[in-house]
Amino acid sequence: MARPVSIEVWNPNGKYRVVSTKSMPGTRWINLLVQQDCRVEICTEKKTILSVEDIIALIGNRCDGVIGQLTEDWGETLFSALSKAGGKAFSNMAVGYNNVDVNAATKYGVAVGNTPGVLTETTAELAASLSLAASRRIVEADGFMRAGLYDGWLPHLFVGNLLKGQTVGVIGAGRIGSAYARMMIEGFKMNLIYYDLYQATRLEKFVTAYGQFLKASGEEPVTWKRASSMDEVLQVADVISLHPILDKTTYHLINKERLSKMKKEAILINCSRGPVVDEEALVEHLKQNPMFRVGLDVFEDEPYMKPGLADMKNAIVVPHIASASKWTREGMATLAALNVLGKIKGFPTWSNPNQVDAFLDENTPPPSACPSIVNAKQLGLPVSKL
């Protein structure tokens, strides 16, 4: 028998039982569930990552839906337990769902929700922050000051890279990649080279228009180029930011061979998925190229780093905080709750999961729809006409 798990309960007499495996930012998500007659149980265990056994204990004998986290292993075992408890809804509080066996969920008739549409600018901002911090060696300089090592100005002290007029490379020019590119181009007047299987027409038009504006103002115009290969981006760009999806084709996309193609003083940023980068190869490259710098928000074997990475002064490492702005995290919690609530209530799915402002407006009730169900088609769920 699974051991009891500590919980916090809202609306104990609610008709529907919804479990959240973690406390989530804000209270709107709780209020929306309670207003629709849900009993909300929030796990309060002092564990960063819950085990499968912990979550089975949370699900119990009767559960209508679960809000989970990307650190949890949602596969056959958990979806079987949720189905036996009468549950038909699960939502990750994340846009990604690599931790979820969607086929297993579909087999048991469980809808799988995720939370796109609120992470674009926030994630792009962190990628831009890491780019600036790496180029100007801010983290190294901060540690130097705190250690009491500064005893006066020196001409060579923490000399970094100027971004203005350099080339930013983007691999994966979707919503986040394009938002990041715009920040770097408009903020630092960088030129763009990008690689994507699909043409980023809106991004190209933006760079063209901004270049014309700069030229009319008497400044050097910015330029753009769509590369014919990813290797071309690696060879040309001064700062490279990774924004691909993670699948078999992008696993270890950045490996020893591709790292060797980059400039010796290049900057590599990864706020996408950890396994996109061969971390062991990266550590060796950092050792051999002290002016090569990297900014990482994600890691190959989270929450762990490969041996040696933490010791590298030319690496900036942060704990998967790309979406960690108050507005975004509260929005993710709201969308995850509404995914579960919508399935419980029999609502249709939203027609465009990347346009979710209607769900986030706190001054009006959210639409009667599930914001984003990734296996809606497999389950034959209707699409909202709102």
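Taking a ≥ b ≥ c as the square roots of the eigenvalues of the Cα gyration tensor, an a/c ratio of 1.5 or more together with a/b larger than b/c marks the range 313-374 as prolate.
Averaged per residue, the chain has 49 square angstrom of accessible surface, using a 1.4 angstrom probe with ligands and nucleic acids left out. Take 352-358, 32-38 and order them by the average number of nearby Cβ atoms within 10 Å per residue, most first; the result is 32-38, 352-358. Projecting label points 7 angstrom from Cα along Cα→Cβ for E53 and D311 puts them 3.6 nm apart. For the chain, the Kirkwood hydrodynamic radius comes to 22.6 Å, computed from all pairs of different C-alpha atoms. Kirkwood analysis of the range 1-108, using all unique Cα-Cα pairs, places the hydrodynamic radius at 13.9 Å.
Post the alpha-carbon centroid distance, the range 150-186 to the range 84-139, in whole angstrom. The range 150-186 and the range 84-139 have Cα centres separated by 26 Å.
Take every Cα pair under 8 Å whose residues are at least 6 apart in sequence, average their separation, divide by the length of the chain, and the relative contact order is 17 percent.
A straight line joining the Cα centroids of the range 313-361 and the range 1-54 runs 17 Å.
Normalising the average separation of contacting C-alpha pairs (under 8 angstrom, six or more residues apart) by the number of residues puts the relative contact order of the range 137-203 at 31 percent. For the chain, the longest principal axis of the alpha carbon atoms and the long axis of helix 175-188 meet at an angle near 30°. Averaged over residues, the count of other Cβ atoms within 10 Å places the peptides 43-53, 241-251 in the sequence 241-251, 43-53, highest first. For the residue pairs K248/K326; K22/K343; K22/K385; K15/K385; K326/K385; K256/K306, the C-alpha atoms sit more than 22 angstrom apart in K248/K326; K22/K385; K15/K385; K326/K385. Look at the Cα gyration tensor of the range 78-229: its axes a ≥ b ≥ c give a/c of at least 1.5 with a/b at or below b/c, and that counts as oblate. The residues packed around F158, meaning those with a beta-carbon under 11 Å from its beta-carbon, carry a net charge of +1 if Lys and Arg are +1 and Asp and Glu are -1.
For the chain, carbon and sulfur atoms together expose 53% of the accessible surface, with a 1.4 angstrom probe and every protein chain in place. Remark: the range 235-386 projects, on average over all directions, an area of 11.5 nm² (convex hull of Cα atoms).
When the square roots of the Cα gyration tensor eigenvalues are ordered a ≥ b ≥ c, the ratio a/c for the range 155-229 is 1.5 or more and a/b does not exceed b/c, which makes its shape oblate.
Between V383 and F213, the modelled label-to-label distance comes to 3.4 nm, taking each label 7 Å out from Cα in the direction of the beta carbon.
Think of the chain as having a plus end and a minus end, set by charges on the Cβ of Lys, Arg, Asp and Glu; of L132, N354, F292, N354 sits farthest toward the positive end of this dipole. Would any residue of the range 121-138 have its amide N under 14 Å from a label point 7 Å out along Cα→Cβ of Y150? List them or say none. Answer for the range 121-138: 137-138.
The values are calculated or read from the model by the stated rules, or taken from the named source; none is laboratory data. Since this is a predicted model, take the numbers as computed values, not measurements. Note that we place each Cβ from the backbone using ideal geometry, even for glycine, and neighbour counts take in every protein chain shown. Side chains included, ligands, DNA and RNA excluded: accessible areas come from the protein's heavy atoms. Shrake-Rupley method; radii C 1.70, N 1.55, O 1.52, S 1.80 Å.
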